[in-house]
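Novice: I have a structure I would like to understand better, so I am pasting it below and will then ask my questions one at a time.
The values are calculated or read from the model by the stated rules, or taken from the named source; none is laboratory data. A quick note: this is a predicted structure, and the numbers were derived from the prediction, not measured. When we count neighbours, we look across all protein chains shown, and the Cβ atoms used for this are built from the backbone with ideal geometry, even at glycine. Accessible surface is based on the protein model in full, side chains and every heavy atom, while ligands, DNA and RNA are left aside. Shrake-Rupley method; radii C 1.70, N 1.55, O 1.52, S 1.80 Å.
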Amino acid sequence: MADRPEPTPSRTFEDSASFHGLSGDLAQALRRAASARGLLAGERIYRANEPYRSEIYLVDLGEIEIRRSSGEVYWAGPGDIIGLSNFLDGQPYTSTAVAREPATVLVLGHDTLERMEADWPELDRLINRYIARRIRSWSPSRQVITGALTRAARTVMSEPLATCSLGMSLREAYATMRSRKVGSLVVVGEDGGLIGILTHAGLCRSLITEGAGADDGLTAAACDPALSVDPSTPLWKVEEEQVSSGRKYVVVVEDGAPRGMISQTDLLRSLIAHQSSVVARVRAADDLAELSRHYRAMGEVAAEALESNRRAAAAVRIISETQLAIQRRCVELTLSALEREGAGPPPAPYALLIMGSGGRKEMLLTPDQDNGIILADVPEASTEQAAAWFRRFCNELNENLATVGYELCKGDIMARNPAFHKTLEEWRRQISFMTERPGKKAARWSNIVFDFDTLYGDDNLTAALRTHLHEALKERSKLLTFMVEDDAEGRPPIGWFNRLIATDESEAGPTVDIKRNGLRIIADAARIFALYSGVQNRNTHDRLTALVRLGVLDADLVDSAVTAYNQLHELLVAHQIAQARRGEMPDKKIHLDRLSPPAKESLRESMVAVKRFQERLQGQFGVV
């Protein structure tokens, strides 16, 4: 056998982005535990359909070509781990890995990596990062064909730009930001070309971490590379680049010179402006029949939302906001009818609550009614006349929502039910009682009701109840453990070696309940962590982002959970849209036999991420 040539000197895995922020001790432990294997250009590591060799490969030098059976090709470089999906599921290889050039990989045995994952939390973070990347890579690429995000970058970019040169000092750059009230400066060269971008974070990094002085030039600040696009780039592509790179700002460059900037806020405004036309029509509805037509058209609203957004989370938010607009208009029509019938206006302040997915702004096509009401603790609310008015209002509202299309809640979690029709003080006593005497029944109730938000009325009442909830749980958190146990009754459909298994059988074949066995588990975990940490956000994405900011959860664990949550929502929304177009009642059960191989693999890896997130929750609260 010919001698294996040494790879060309290059950066090693320790220098890679994958290992950025991880300790040098972990890198040394991996080197000690692994055996180095040199590879010739063109030499194969494994072939598609070969049995799993119980080995995992960490690229140390050079590049490895990964060719999937579908024909898709990508490359792995230093810091990338090859064979992790097989480590997770023990299945035969689904791709072929070949060295593109002389390379070196570090070979870790399956049992060795398993032990190290338990001993090194940072390695667990790295695997979570890998899972998130895998889910994204399997996600089907959707062609955006309609909506606000088809517009060109030039239509929303902010201009003129706030710029600076490399000759500016850190002190001057900070003063410029303050005087112009901007969060970043685009750094340009003498020829006006784009060099990079300077943010407040970059200034802090330079002064605190790199030991620069206030009068040093910008070169000491290690300005971040700028993410740039052409003015004609569609906004969906801009958003995609922002998400994949983790950047907040994108610089629009024309003829080699920066012309404008697009922030995440600019994109959000564009989406809201486009959505407002749909909501405006809902708000102008004259009667329940017109509202019902809007409700029945939710399939097309969802289709446009999914087509107009690269991220399922944005589409779900649009669907939910439209549903909320329909329900709010239903409240207004109910109030108008009561006045016309001589009942008069509300006799006291109140807050109509929406709970569950509505409270999280995560409703899809066919949510049922989960609502309640808080009455203000004022004398005018305590009369029998006021009580009769509110009973009539809630009864008629629940019936009107049903007429529009919102199914009556099977668990009777509705404002007409006295259990969810209370004064603020009565609600407070109810929550205090549950935290003082927690149990399975209280936990089940809490996992539905605690995602409450104001649908209509006085939001101060809702805020007061939310404050009481967090104060009560801060003093007595045992209820959270019961909520974790309630969550544990739902399991992701993952069997031995992380293989995807069906949760139900139908005439059409095996199915998986995406909501019960996937989405609900992540939403439950986010809720419990948020309540434990005093985070008052209700939306699952917002909760998880806040938990990372507080340092409660690791960013890579959350990234894998959020990526899975988005992918499960995308699969479910697409499934419900297809059902609506066939005239079927949308449900939450995905037929496994109807999924393409990439979609099925994406579902499996999303459920692996769900499983890991649920295990993290259970470990935190000591629930097995």
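Novice: Among the residues of segment 22-53, which ones are open to solvent by 60 Å² or more (accessible area, probe 1.4 Å) and free of Cβ contacts under 8 Å to residues at least 60 places away in the same chain?
Specialist: Listed by number, the residues that qualify are Asp25, Gln28, Arg32, Arg44, Arg47, Asn49, Pro51, Arg53.
Novice: Follow-up question, since we're still on this one. Quickly run through segment 262-285 and pick out the residues that are part of a helix (DSSP H, G or I), modelled with pLDDT of 70 or more and closer than 27 Å to Ser228 by Cα.
Specialist: Gln264, Thr265, Asp266, Leu267
Novice: Could you please let me know if Ala175 is outside any loop (DSSP other than H, G, I, E, B) and either buried (at least 16 other Cβ atoms within 10 Å of the Cβ) or at pLDDT 80 or above (or both)?
Specialist: Yes, satisfied.
Novice: While we're looking at this one, here's another question. Can you pull out every residue in segment 590-622 that is part of a loop (DSSP other than H, G, I, E, B) and crowded, with 16+ Cβ neighbours inside 10 Å?
Specialist: Of everything in segment 590-622, those that are part of a loop (DSSP other than H, G, I, E, B) and crowded, with 16+ Cβ neighbours inside 10 Å turn out to be Leu595, Phe621.
Novice: Part of a helix (DSSP H, G or I), among the polar types (S, T, N, Q), more than 13 Å from Val107 (Cα to Cα) and more than 28 Å from the chain's Cα centre (by Cα): is that true of Gln91 in this structure?
Specialist: Criteria not met by Gln91.
Novice: While we're on this one: Restricting to segment 397-446, count the residues that are open to solvent by 50 Å² or more (accessible area, probe 1.4 Å) and more than 32 Å from the chain's Cα centre (by Cα).
Specialist: 10
Novice: Sticking with this structure for a sec: Among the candidates Ala386, Ala472, which residue alone is in a helix (DSSP H, G or I), farther than 26 Å from Ser320 by Cα and in contact with a Pro (Cβ under 7 Å, 6 or more places away or on another chain)?
Specialist: Going through Ala386, Ala472 in turn, the sole match is Ala386.
Novice: Quick one: Glu505 ticks every box in (1) modelled with pLDDT under 90; (2) in a helix (DSSP H, G or I); (3) not β-branched (Val, Ile, Thr) bar one, so which box is it?
Specialist: The one condition Glu505 does not meet is (2).
Novice: Can I ask one more? Please work out if Arg466 is over 17 Å from Ala381 (Cβ atoms) and in contact with an Asp or Glu (Cβ under 8 Å, 6 or more places away or on another chain).
Specialist: So Arg466 fails the test.
Novice: Let me ask you something else. Note down all Cβ pairs under 7 Å where the first residue falls in segment 542-555 and is without any contact (Cβ under 8 Å) to a residue 24 or more places away in the chain and open to solvent by less than 60 Å² (accessible area, probe 1.4 Å), the second is among the polar types (S, T, N, Q) and in a helix (DSSP H, G or I), and they're at least six residues apart or on different chains.
Specialist: Here the result reads Leu547/Ser533; Val552/Ser533, each pair linking segment 542-555 to a residue that is among the polar types (S, T, N, Q) and in a helix (DSSP H, G or I).
Novice: For segment 574-589, which residues satisfy the criterion of being part of a helix (DSSP H, G or I) and touching a strand residue (DSSP E or B) at 6+ places or on another chain (Cβ under 7 Å)?
Specialist: His575 - this is the single residue of segment 574-589 that is part of a helix (DSSP H, G or I) and touching a strand residue (DSSP E or B) at 6+ places or on another chain (Cβ under 7 Å).
Novice: Quick one: would you say Thr435 is farther than 30 Å from Pro347 by Cβ, touching a Phe, Trp or Tyr at 6+ places or on another chain (Cβ under 9 Å) and part of a helix (DSSP H, G or I)?
Specialist: no
Novice: Going through Tyr532, Tyr565 one at a time, which residue ends up being touching a residue at least 24 places away in the same chain (Cβ under 8 Å), open to solvent by 40 Å² or more (accessible area, probe 1.4 Å) and under 21 Å from Ala488 (Cβ atoms)?
Specialist: Checking each option against the conditions leaves just Tyr532.
Novice: Every residue in segment 106-126 that is touching a helix residue (DSSP H, G or I) at 6+ places or on another chain (Cβ under 8 Å), of a type outside the set (S, T, N, Q), over 17 Å from Ala609 (Cα atoms) and part of a helix (DSSP H, G or I), please.
Specialist: Within segment 106-126, His110, Leu113, Met116 meet the criteria.
Novice: Please state which one of Arg247, Arg259 is within 17 Å of Leu185 (Cα to Cα), modelled with pLDDT of 80 or more and open to solvent by 70 Å² or more (accessible area, probe 1.4 Å).
Specialist: Arg259
Novice: Which condition breaks for Leu335 when tested against (1) farther than 26 Å from Ile319 by Cβ; (2) surrounded by fewer than 19 Cβ atoms within 10 Å (Cβ to Cβ); (3) among the aliphatic types (A, V, I, L, M)?
Specialist: (1)
Novice: Next question. Quickly run through segment 365-390 and pick out the residues that are surrounded by fewer than 19 Cβ atoms within 10 Å (Cβ to Cβ) and more than 38 Å from the chain's Cα centre (by Cα).
Specialist: Passing the criteria: Val378, Pro379, Glu380, Ser382, Thr383, Glu384, Gln385, Ala386, Ala387, Ala388.
Novice: For segment 277-332, enumerate the residues that are over 12 Å from Leu364 (Cα atoms), among the basic types (Lys, Arg) and open to solvent by 50 Å² or more (accessible area, probe 1.4 Å).
Specialist: If the condition is that a residue be over 12 Å from Leu364 (Cα atoms), among the basic types (Lys, Arg) and open to solvent by 50 Å² or more (accessible area, probe 1.4 Å), then Arg281, Arg283, Arg293, Arg296, Arg311, Arg328 are the ones that fit.
Novice: Output the number of the condition that Leu185 fails; it satisfies all remaining conditions of (1) part of a strand (DSSP E or B); (2) open to solvent by 50 Å² or more (accessible area, probe 1.4 Å).
Specialist: Just one mismatch for Leu185, condition (2).
Novice: Let me ask something else. Out of the residues in segment 458-473 that are touching a helix residue (DSSP H, G or I) at 6+ places or on another chain (Cβ under 9 Å) and not small (Gly, Ala, Ser), which is farthest from Glu436 (Cα to Cα)?
Specialist: Residue satisfying both the conditions and the ranking: Leu461.
Novice: Check segment 369-377 and report whether any residue there is β-branched (Val, Ile, Thr), over 21 Å from Lys588 (Cα atoms) and in a loop (DSSP other than H, G, I, E, B).
Specialist: No - not one qualifying residue is present in segment 369-377.
Novice: Among Asp224, Asp230, which is the only one that is at pLDDT 80 or above, more than 22 Å from the chain's Cα centre (by Cα) and either buried (at least 17 other Cβ atoms within 10 Å of the Cβ) or not β-branched (Val, Ile, Thr) (or both)?
Specialist: Among Asp224, Asp230, only Asp230 is at pLDDT 80 or above, more than 22 Å from the chain's Cα centre (by Cα) and either buried (at least 17 other Cβ atoms within 10 Å of the Cβ) or not β-branched (Val, Ile, Thr) (or both).
Novice: Output yes when any residue across segment 493-512 is out of contact with any His (no Cβ under 8 Å at 6 or more places or on another chain), under 25 Å from Lys422 (Cα atoms) and among the aliphatic types (A, V, I, L, M), and no when none is.
Specialist: Within segment 493-512, not a single residue is out of contact with any His (no Cβ under 8 Å at 6 or more places or on another chain), under 25 Å from Lys422 (Cα atoms) and among the aliphatic types (A, V, I, L, M).
Novice: For segment 148-172, enumerate the residues that are at pLDDT below 85 and touching a helix residue (DSSP H, G or I) at 6+ places or on another chain (Cβ under 6 Å).
Specialist: Ala148, Leu149, Arg151, Ala153, Val156, Ala162, Leu166
Novice: Test Tyr93 against the criterion of being open to solvent by less than 10 Å² (accessible area, probe 1.4 Å) and not aliphatic (A, V, I, L, M), and give yes or no.
Specialist: yes
Novice: Has segment 514-523 got any residue that is open to solvent by less than 20 Å² (accessible area, probe 1.4 Å) and touching a Lys or Arg at 6+ places or on another chain (Cβ under 6 Å)?
Specialist: Within segment 514-523, one or more residues are open to solvent by less than 20 Å² (accessible area, probe 1.4 Å) and touching a Lys or Arg at 6+ places or on another chain (Cβ under 6 Å).
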